[in-house]
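The values are calculated or read from the model by the stated rules, or taken from the named source; none is laboratory data. Computed from a predicted structure; not experimentally measured. Here the Cβ positions follow ideal geometry from the backbone for every residue, glycine too, while neighbour counts run over all protein chains shown.
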Amino acid sequence: MLASMEAVRRLMDLRHRGRAEDLPGVLAAVAPLLDAESATVLLVDYGQLGLHPLRRDTLDPAVSFVVEDTLAGRAFTTAEPQWSDGLLWIPLLHGAERLGVLELRLKAYPSEEALRDLAVIAALIAELIASRRFYPWTGPW
């Protein structure tokens, strides 16, 4: 069972005290509250060609998903969640701006109620990214 409100509380703590490098660690801590083995933010590069994991205060260009022809990319381009083999990708949207996707490793596809809760979590993460300037790089890609 999801402990969504506790996950929201922990993420909301980043509003006042959080730094960019804190988000991956908080996501790792809240993943079990979301019945997830892991939770990773994949942010799009400026060219919108690749999705790259946020690691501490930087992107990891060595591990990325091409936006075109991947399910993570499909979640990004269609703004609809995608599921395959225990991975769920939920778009990170800030208004009309697409920032990337939230990747969750799950044991089973979530119920409709749980999926709605996870979409709220993704919306909160997108708001944190946009408002706390977690998106500061220019990157070589």
Inset, instruction - State which residue is nearest to D45 (Cα to Cα) when the search covers only the range 99-114 and only residues that are surrounded by fewer than 19 Cβ atoms within 10 Å (Cβ to Cβ) and of a type outside the set (F, W, Y). - result: R105
Legend entry - Selected residue (criterion: farthest from G50 (Cα to Cα)) from residues of the range 77-98 that are among the aliphatic types (A, V, I, L, M) and crowded, with 20+ Cβ neighbours inside 10 Å: L88
Inset, instruction - Take the range 1-37 and flag every residue that is in contact with a strand residue (DSSP E or B) (Cβ under 6 Å, 6 or more places away or on another chain) and closer than 19 Å to S111 by Cα. - result: A31, A36, E37
Legend entry - Verdict on H52 being crowded, with 22+ Cβ neighbours inside 10 Å and at negative phi: yes
Inset, instruction - Looking at (1) closer than 26 Å to R15 by Cβ; (2) in contact with a Leu (Cβ under 9 Å, 6 or more places away or on another chain); (3) at pLDDT below 95, find the lone condition where E97 falls short. - result: (2)
